[in-house]
Amino acid sequence: MNVMRTSLLGSLLQVLKFNLARKAPRVRVFEIGRVFLRDASVPESDSTVQGFDQPMRIAALSSGSANAQQWGHKEQGVDFFDAKGDVEALLAPLKAEFKPGNHHPAMHPGRCAQVLVGGKVIGYVGELHPKWRQGYELPQAPMLFELELDPVLARKLPEFVPVAKYQPVQRDIAVVVADSVTHADLMAAVWAAPTAGLLRDAQLFDVYRPKVAKEAPVEAGATDRSLAIRLTFNSTEATLTDDQIETAVKAVVDQLQSTVGARQRV
């Protein structure tokens with residue numbers, strides 16, 4: 001067990017170190033492989049070893065600039081949201097949920113999130129822990145993710161959906177929520193609203209935090225944020241009426257109020 005790996009991330013870091021030593025400016029690598037974990041519930045069989053779980057996982061690493069060097073964009077290193085986007089693309093059409101909190105021992109505690117599908121934790125995504133960055137003598141912290149392979153392989157293939165013949169309608173709403181409300185909580189509430197299937201898309205496009213003087217006492221609600229959300233509605237049956245649109249918008253606002261305690265800004 002001492003020579004069996006419990007994570008794929010170590011081998012990816014070795015590959016990164018090898019490439020950086022040969023002046024590779026951007027590194028993108030992944031691996032699919034088996035890890036070995038102690039689990040007393042695993043019985044002895046033709047395909048298992050008693051006391052050891054041997055799940056398949058998929059892991060990836062990205063380091064360097066987010067995009068190849070070019071004149072049209074300022075060079076910027078990869079960040080958490082680049083890795084998060086890779087996970088979302090890998091799991092599509094499944095909707096992945098990202099929750100901060102319990103962190104992976106190889107990842108930065110404040111820049112790491114659990115990856116959940118259907119309410120079950122299937123892996124982690126985040127930035128390499130500063131301790132390991134220093135240990136591997138890396139010029140910058142790479143972004144990593146590691147997921148159980150079975151949920152990735154079990155996802156359904158995308159199905160064709162006819163393009164709507166009717167014009168979509170967009171409405172912007174602004175709500176005030178507590179600073180503790182996450183983007184995942186917000187979007188879960190929006191999509192849970194009973195809109196009769198008319199809601200097609202929801203995007204958070206603006207965040208406003210009121211400035212509070214450092215010496216001023218923190219009052220209740222002083223750290224609340226104002227969030228602007230763009231809602232897109234459509235129907236495959238007919239052009240939406242004003243009543244249908246307003247009813248759907250009200251359903252979203254009411255759901256936000258009851259689920260995350262949001263207050264609508266007029």
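So if I check each of Arg22, Arg26, which one is over 15 Å from Gly123 (Cα atoms) and either free of Cβ contacts under 8 Å to residues at least 40 places away in the same chain or not assigned by TED's automatic domain parsing to the domain that holds Asp150 (or both)?
The unique qualifying residue is Arg22.
What strands (runs of 3 or more DSSP E) completely inside the range 104-150 contain at least 3 residues that are touching a Cys at 6+ places or on another chain (Cβ under 9 Å)?
120-128
Could you list, in sequence order, the residues of the range 34-81 that are in contact with a Lys or Arg (Cβ under 8 Å, 6 or more places away or on another chain), hydrophobic (A, V, I, L, M, F, W, C), within 21 Å of Arg5 (Cα to Cα) and not in a strand (DSSP E or B)?
Those that are in contact with a Lys or Arg (Cβ under 8 Å, 6 or more places away or on another chain), hydrophobic (A, V, I, L, M, F, W, C), within 21 Å of Arg5 (Cα to Cα) and not in a strand (DSSP E or B): Val35, Phe36.
Among the residues of the range 173-210, which ones are assigned to a strand (DSSP E or B) and of a type in the set (Lys, Arg)?
The one that is assigned to a strand (DSSP E or B) and of a type in the set (Lys, Arg): Arg200.
May I ask you to list the residues in the range 1-35 that are basic (Lys, Arg), farther than 21 Å from Glu148 by Cα and surrounded by 12 or more Cβ atoms within 10 Å (Cβ to Cβ)?
Of everything in the range 1-35, those that are basic (Lys, Arg), farther than 21 Å from Glu148 by Cα and surrounded by 12 or more Cβ atoms within 10 Å (Cβ to Cβ) turn out to be Lys17, Arg26.
All but one of (1) in contact (Cβ under 8 Å) with a residue 24 or more places away in the chain; (2) closer than 14 Å to Tyr124 by Cα hold for Val78, so report the exception by its number.
Every condition holds for Val78 apart from (2).
Sort out which residues of the range 61-82 are touching a strand residue (DSSP E or B) at 6+ places or on another chain (Cβ under 8 Å) and either outside the structural domain of Gly123 (by TED's automatic domain parsing) or surrounded by 14 or more Cβ atoms within 10 Å (Cβ to Cβ) (or both), and write them in order of number.
Across the range 61-82, the qualifying residues are Leu61, Ser62, Ser63, Gly64, Ser65, Ala66, Gly77, Val78, Asp79, Phe80, Asp82.
What number of residues within the range 7-26 are closer than 16 Å to Trp132 by Cα and either part of a loop (DSSP other than H, G, I, E, B) or modelled with pLDDT under 90 (or both)?
2
Within the bounds of the range 51-60, is there any residue that is under 30 Å from Ala202 (Cβ atoms), surrounded by 15 or more Cβ atoms within 10 Å (Cβ to Cβ), modelled with pLDDT of 85 or more and assigned by TED's automatic domain parsing to the domain that holds Leu128?
For the range 51-60, residues under 30 Å from Ala202 (Cβ atoms), surrounded by 15 or more Cβ atoms within 10 Å (Cβ to Cβ), modelled with pLDDT of 85 or more and assigned by TED's automatic domain parsing to the domain that holds Leu128: present.
So, of the residues in the range 83-111 that are more than 16 Å from Glu146 (Cβ to Cβ) and in contact (Cβ under 8 Å) with a residue 60 or more places away in the chain, which turns out to be surrounded by the fewest Cβ atoms within 10 Å (Cβ to Cβ)?
Among them, the one singled out is Pro93.
Given the criterion touching an Asp or Glu at 6+ places or on another chain (Cβ under 9 Å), hydrophobic (A, V, I, L, M, F, W, C) and closer than 30 Å to Gln255 by Cβ, identify the matching residue among Ala178, Ala196.
Only one candidate qualifies: Ala178.
The values are calculated or read from the model by the stated rules, or taken from the named source; none is laboratory data. Every value quoted in this text rests on a predicted model; they were computed, and no experiment measured them. Quick reminder, even Gly has a Cβ in these numbers, built from the backbone with ideal geometry, and neighbours come from all protein chains shown.
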